[in-house]
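The values are calculated or read from the model by the stated rules, or taken from the named source; none is laboratory data. Keep in mind the model is a prediction, meaning the values are calculated, not measured. Every residue, glycine as well, gets a Cβ built from its backbone with ideal geometry; the counts of neighbours run over all protein chains shown.
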């Protein structure tokens with residue numbers, strides 16, 4: 001059977017991007033309302049529109065908070081060192097973001 005319907009291509013008019021803004025892992029307090037306000041504020045939108053508006057049109061933003069859930073280690077983290085590398089492994093009881101080998105003050109170790 002032949003296809004008698006012409007294939008139509010359309011240019012999208014809406015480009016959706018999902019962005020997760022993660023707080024500083026060393027912050028003593030996280031202000032979700034301030035983060036949402038900053039992400040959707042006029043200065044953020046102006047910065048993005050300054051780069052994308054001519055090609056893609058005005059950018060709009062929506063924000064929502066994500067509730068935190070208690071996560072425990074299913075397998076305690078452990079490290080195995082090598083000559084020029086280190087492997088850190090472990091697992092949690094739920095999917096999520098895990099900071100691994102993060103240091104508040106950056107340093108480099110030499111042997």
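If you scan region 50-64, which residues turn out to be closer than 19 Å to residue 31 by Cβ and either exposed (fewer than 10 other Cβ atoms within 10 Å of the Cβ) or at pLDDT below 85 (or both)?
Within region 50-64, 62, 64 qualify.
Restricting to region 4-49, count the residues that are part of a loop (DSSP other than H, G, I, E, B), over 14 Å from the mean Cα position of the chain (by Cα) and modelled with pLDDT under 90.
Residues that pass the stated criteria total 19.
The residues of region 92-111 that are within 19 Å of residue 25 (Cβ to Cβ) and either at pLDDT 75 or above or in contact with a helix residue (DSSP H, G or I) (Cβ under 9 Å, 6 or more places away or on another chain) (or both), listed by number, are 92, 94, 95, 96. Of all residues in region 50-64, those that are over 17 Å from the mean Cα position of the chain (by Cα) and either touching a residue at least 60 places away in the same chain (Cβ under 8 Å) or part of a loop (DSSP other than H, G, I, E, B) (or both) total 4.
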